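Participant: One structure is given below, represented as structure tokens, and several questions about it will come after.
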Amino acid sequence: MSSRYAIPLLAALTLVILVVLGKLLPAWCVFLLVTAFAKGLAALGLVLIIRSGLLSFGQGLFYCAGGYGAGLFMLWGGVHDAALLVLAGGLVALVLGAVIAPLLAGYRSIFFATLTLALSMLAHGALTKADFLGGSDGLNLRPPSFIGFQPANSTESVYALYVFACILVVVFSLACRVHFNSVRGLLSLAVRDNEIRVEYLGSSVRRVISENFTAAAFLGGIGGALNAIAVAHIDPELAFWTTSGEFVFVAILSGYLSVAAVFASSIALEFIRSFSSQYFPNAWQMSLGIFMLASILFLPNGIGGLLQRRKKRMKGNKPA
Amino acid sequence: MSVVLEARNLNKSFGSVVAANDINVTVNRAERLGLIGTNGAGKTTFVNIVTGYIKPDSGAITLEGRDITACEPRVITKEGVCRSFQVPQLFLTLTTAQNLAVAIGIAQGQAFSPYATIDDAMAEAIDALLERFRLGDYRDQTVSELPGGVRKLIDIAVAVTRKPKVLLLDEPTSGVAAEQKFALMDIIMSALDSDVTVLFVEHDMDIVSRYAQRVLAFYDGRIIADDLPQAVLENQTVKMHITGTAG
Ligand SMILES: Nc1ncnc2c1ncn2[C@@H]1O[C@H](COP(=O)(O)OP(=O)(O)OP(=O)(O)O)[C@@H](O)[C@H]1O
Ligand SMILES: [Mg+2]
């Protein structure tokens, strides 16, 4: 099989497996996967930024922008179609990202991270004060429809949402995988490795960083919009630093090598949260901390590094 | 003979250190220039000024008559002045082929289309470049794992992907064992097109006499000699300050 079709085929197969799996799993689990997918999409955006050597502590800003974008499009625009809402959320975040990106592209390391954090906290503060947007309580949304299909009961609705989320995950994972393999994908890593050489080859480091940041904003917005229609609620907490922190956690746990690892990490985090808040309601942060420590100690390149190592070993074992 | 690069009255100080002191140079097309001088004489500073990394305190650089003094390195690179570095500047976590892919992608303008993969044409260009620089064995090795001499070659290989008019090589043979220097220079010089203007910084005078058509001798930020290699190497001031063979 030509490698050209290998990735799309794998994507299609994954989608089929996920859709079937959703029928077999209990509803609470399916719903948990939807939220994990929403966060995974935002974390996938963060991975794009990490690949160019920077860390954003403000990915929550775009998660929030996507959520409010979709939510207000529903409440004020009267649109209920999930695909349109998610697209609207993504676009709002994209525009916001495109405006901010050039301002941030001149900063590096801790300054970049702190600035992104500051901007998201600014948005959080502003939203808490914005009474017409529900203030700190936020706004409740109505259930979405899916290309004309209006789920009749909650089981149907969760499954429809899940299938929709799976499509988003597979489509954007595919896009990112192909992009990572592209020359432009390598250029991000090149910027991370050596900015001087990139400029001395005739390319603009600022442009690379701006583009990655904007694309990350778009993915953050898509994730935020998906989350908003899933939980049928938006509030300023989406831009709070703890939300951004979760994305950082997922991105670090997954590493920057594998797209699948991002969603695996996101799912792992959601399950840990769900179990520990059920069994150790007061120690959820501690379980998260232990989990994070263990992953940094034992998986320095994240889950993606683990997958990559296995792939390499399999390749190495092949006779020449 | 047409003039390709010109430096006029360049001055640059770092605090009390004068790194460029009234530098005047005219470089002709396809010339091979050797830049010599002791440590700290101002050779790298000269290369840095020409390529826009350092702005001179005064003076001007012109490329084919156009003033490029105020331009960013990126712009100067696009204008056709490319360089390698004393310490190779590469993408250490990428393989040799990936380093070249990035360089070729930028040079040919496809580096910014988000989904353009390394197609057959680019793979061919990469292989041709690897072949030219005898780097075939290192194709899929991560650059951080390669020895210094190989990195030097890759640093030059990525620099020529734009088919530069002027190529500046900062100590291409430093860090390489003495007996391998000639072999390395042979590879470099035969890999370059004959119409490229080359300025290379070099400490080894045997290398300079073999590969340079003309030599610039730097001392204390000044150019103390600018002539044919033999004439420069026999110059008394050069002997006293640089080659240390006066007597
Ligand atoms: N960015 C800088 N800041 C401060 N001083 C500098 C800077 N760059 C160069 N210098 C000083 O300018 C002088 C010339 O340095 P330069 O690097 O040009 O020397 P060089 O001829 O390349 O020497 P070498 O053979 O050691 O590479 C030195 O005294 C150096 O310390
Ligand atoms: Mg030097």
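Participant: I'd like the full set of residues that are within 16 Å of ligand 2 (Cβ to nearest atom) and either in a helix (DSSP H, G or I) or surrounded by fewer than 18 Cβ atoms within 10 Å (Cβ to Cβ) (or both), limited to segment B:160-183.
Facilitator: B:174, B:175
Participant: Among the residues of segment A:200-241, how many are buried (at least 24 other Cβ atoms within 10 Å of the Cβ) and acidic (Asp, Glu)?
Facilitator: Matching residues across segment A:200-241 total 1.
Participant: If you don't mind, another one. Take the residues of segment B:80-103 that are more than 9 Å from every other protein chain (Cβ to nearest Cβ) and farther than 15 Å from residue B:135 by Cβ: which is farthest from ligand 1 (Cβ to nearest atom)?
Facilitator: B:80
Participant: Just to be sure before I move on: is residue B:186 in a helix (DSSP H, G or I), buried (at least 20 other Cβ atoms within 10 Å of the Cβ) and either away from every other protein chain (no Cβ under 13 Å) or within 16 Å of ligand 1 (Cβ to nearest atom) (or both) in the structure I sent?
Facilitator: The answer is no for residue B:186.
Participant: Let me ask something additional. Return the residues of segment A:166-206 that are facing another protein chain (nearest Cβ under 7 Å), under 20 Å from residue A:47 (Cβ atoms) and among the β-branched types (Val, Ile, Thr); say none if nothing qualifies.
Facilitator: A:178, A:183
Participant: Could you say which residue among B:159, B:177 is away from ligand 1 (no atom under 16 Å from the Cβ) and at pLDDT below 90?
Facilitator: B:177
Participant: Check off (1) in contact (Cβ under 8 Å) with a residue 60 or more places away in the chain; (2) part of a loop (DSSP other than H, G, I, E, B) for residue B:78 and give me the number that stays unchecked.
Facilitator: That leaves (2) as the condition not met.
Participant: Here's something else I'd like to know. So residue B:66 passes all but one of these: (1) touching a strand residue (DSSP E or B) at 6+ places or on another chain (Cβ under 8 Å); (2) more than 9 Å from chain A (Cβ to nearest Cβ); (3) among the basic types (Lys, Arg). Which condition number does it fail?
Facilitator: It fails just one condition, (1).
Participant: Only residues that are more than 14 Å from residue B:168 (Cα to Cα) and within 16 Å of ligand 2 (Cβ to nearest atom): list them for segment B:22-36, please.
Facilitator: B:23
Participant: Looking at segment B:116-130, can you tell me whether even one residue there is closer than 18 Å to residue B:196 by Cβ and surrounded by 14 or more Cβ atoms within 10 Å (Cβ to Cβ)?
Facilitator: Yes - at least one qualifying residue is present in segment B:116-130.
Participant: When segment B:37-61 is examined, which residues are found to be more than 10 Å from ligand 2 (Cβ to nearest atom), within 13 Å of chain A (Cβ to nearest Cβ) and either without any contact (Cβ under 8 Å) to a residue 12 or more places away in the chain or in a helix (DSSP H, G or I) (or both)?
Facilitator: The answer is B:50, and nothing else.
Participant: Say whether the condition of being closer than 14 Å to residue B:226 by Cβ, within 16 Å of ligand 1 (Cβ to nearest atom) and under 17 Å from the mean Cα position of the chain (by Cα) is met by at least one residue in segment B:14-22.
Facilitator: no
Participant: Still on this structure, please answer the following. Quick check on residue B:25: is it within 15 Å of ligand 1 (Cβ to nearest atom), at pLDDT 95 or above and buried (at least 21 other Cβ atoms within 10 Å of the Cβ)?
Facilitator: no
Participant: Please go through segment A:242-261 and pick out each residue that is assigned to a helix (DSSP H, G or I) and of a type outside the set (Val, Ile, Thr).
Facilitator: Passing the criteria: A:244, A:245, A:246, A:247, A:249, A:251, A:253, A:254, A:260, A:261.
Participant: Suppose we filter B:114, B:73 for residues that are within 16 Å of ligand 1 (Cβ to nearest atom), within 7 Å of chain A (Cβ to nearest Cβ) and without any contact (Cβ under 8 Å) to a residue 60 or more places away in the chain; which single one remains?
Facilitator: When all the criteria are applied, what remains is B:73.
Participant: Is at least one residue of segment A:92-103 more than 18 Å from residue A:70 (Cα to Cα) and crowded, with 19+ Cβ neighbours inside 10 Å?
Facilitator: yes
Participant: Return the residues of segment A:262-301 that are more than 27 Å from residue A:188 (Cα to Cα), part of a loop (DSSP other than H, G, I, E, B) and not hydrophobic (A, V, I, L, M, F, W, C); say none if nothing qualifies.
Facilitator: Within segment A:262-301, A:281, A:282 meet the criteria.
The values are calculated or read from the model by the stated rules, or taken from the named source; none is laboratory data. What you are looking at is a predicted structure, and each value in this text was computed from that prediction instead of being measured. Glycine also receives a Cβ, built like all others from the backbone with ideal geometry; neighbour counts cover every protein chain displayed.
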